[in-house]
Amino acid sequence: MLYEVEMYQGNNDNDNVNKYLDNLNQLDEDLWKRVTEYLRMIKDSQNHTGKYWEYIKGGIIEIKHRSGNIRSRIYGCFNGKQKIMLLNGSIKTGKKQQQKDIKRARVLKIELNQ
């Protein structure tokens, strides 16, 4: 089963995954290339498990990549049987920031399903 990948456009522009990817491109182009290539691969793959995925309770998926000391995180969820909705993304700066980003992803997931 192939998946459709979409980027959720929340009410807050800061949650926009496209904006996050643009900022990542300016920060570290090599990491940006790896992240965007991986997102393209998701569309063409039937296997959505692996070293870049982590399932977080509450139905949130964390897609993570690293370049040197820069850690990219994109949070998403399954939205139906064949759709992955990317909710928000950030550079991991610490455990507190990561927990804040996961909370925000959960809020966006609720917003998405209303």
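The values are calculated or read from the model by the stated rules, or taken from the named source; none is laboratory data. Here the structure is a predicted model, which is why all the values come from computation and not from measurement. Backbone-built Cβ (ideal geometry, glycine too); neighbour counts: all protein chains shown.
Taking the numbered list (1) in contact with a strand residue (DSSP E or B) (Cβ under 6 Å, 6 or more places away or on another chain); (2) surrounded by fewer than 18 Cβ atoms within 10 Å (Cβ to Cβ); (3) closer than 16 Å to residue 4 by Cα in turn, residue 40 passes all entries but (1).
Scan segment 79-114 for residues that are in contact (Cβ under 8 Å) with a residue 12 or more places away in the chain, surrounded by fewer than 13 Cβ atoms within 10 Å (Cβ to Cβ) and either among the small types (Gly, Ala, Ser) or closer than 17 Å to residue 20 by Cα (or both) and the total you get is 0.
If we scan segment 33-48, do we find a residue that is in a strand (DSSP E or B) and either farther than 14 Å from residue 17 by Cα or of a type in the set (D, E, K, R) (or both)? No, the conditions are met nowhere in segment 33-48. All conditions but one from (1) touching a residue at least 12 places away in the same chain (Cβ under 8 Å); (2) part of a loop (DSSP other than H, G, I, E, B) apply to residue 51; the one that does not is (1). Just one of the listed residues (84, 74) is within 14 Å of residue 6 (Cα to Cα), modelled with pLDDT under 90 and touching a His at 6+ places or on another chain (Cβ under 9 Å), and it is 84. Number of residues in segment 55-78 that are in contact with a Leu (Cβ under 8 Å, 6 or more places away or on another chain), within 17 Å of residue 22 (Cα to Cα) and of a type outside the set (A, V, I, L, M, F, W, C) equals 5.
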